[in-house]
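Here the structure comes first, spelled out in structure tokens, and everything after it is commentary.
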Amino acid sequence: DGARSAIDAVHKFVETVDRALPPRGEGPSRREEITDSALEMVQRLVHTQSDFLRKIVDSAGKSLSGSDNAK
């Protein structure tokens, strides 16, 4: 769900940038730079979320296996 929400947010962001900064001439435009930066930010956020969730699951697994050994 987090990745899907991030993709939806980027889609809306790109639409907003397209309306505010129409494409111009040759070469990378300011809107392309902004869009690329937003995509990179979302990629980092999704990666961070995934790492965080993985650590939670690992920690819970260790806690649960430790409690099983105590019984």
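The values are calculated or read from the model by the stated rules, or taken from the named source; none is laboratory data. All figures in this text were calculated on a predicted structure; none of them were measured in a lab. Using ideal geometry, Cβ is built from the backbone for each residue, glycine included, and neighbour counts are taken over all protein chains shown. Accessible surface is based on the protein model in full, side chains and every heavy atom, while ligands, DNA and RNA are left aside. Shrake-Rupley method; radii C 1.70, N 1.55, O 1.52, S 1.80 Å.
Identify the single condition in (1) open to solvent by 100 Å² or more (accessible area, probe 1.4 Å); (2) within 15 Å of the chain's Cα centre (by Cα); (3) modelled with pLDDT of 80 or more that residue 40 does not satisfy, given that it satisfies every other one. Only one criterion in (1) open to solvent by 100 Å² or more (accessible area, probe 1.4 Å); (2) within 15 Å of the chain's Cα centre (by Cα); (3) modelled with pLDDT of 80 or more is unmet by residue 40, namely (1). Across region 15-31, not a single residue is classified as assigned to a helix (DSSP H, G or I), open to solvent by 90 Å² or more (accessible area, probe 1.4 Å) and modelled with pLDDT of 85 or more. Looking at this structure, is residue 57 modelled with pLDDT of 80 or more and surrounded by 12 or more Cβ atoms within 10 Å (Cβ to Cβ)? Spelling it out, it is not the case that residue 57 is modelled with pLDDT of 80 or more and surrounded by 12 or more Cβ atoms within 10 Å (Cβ to Cβ).
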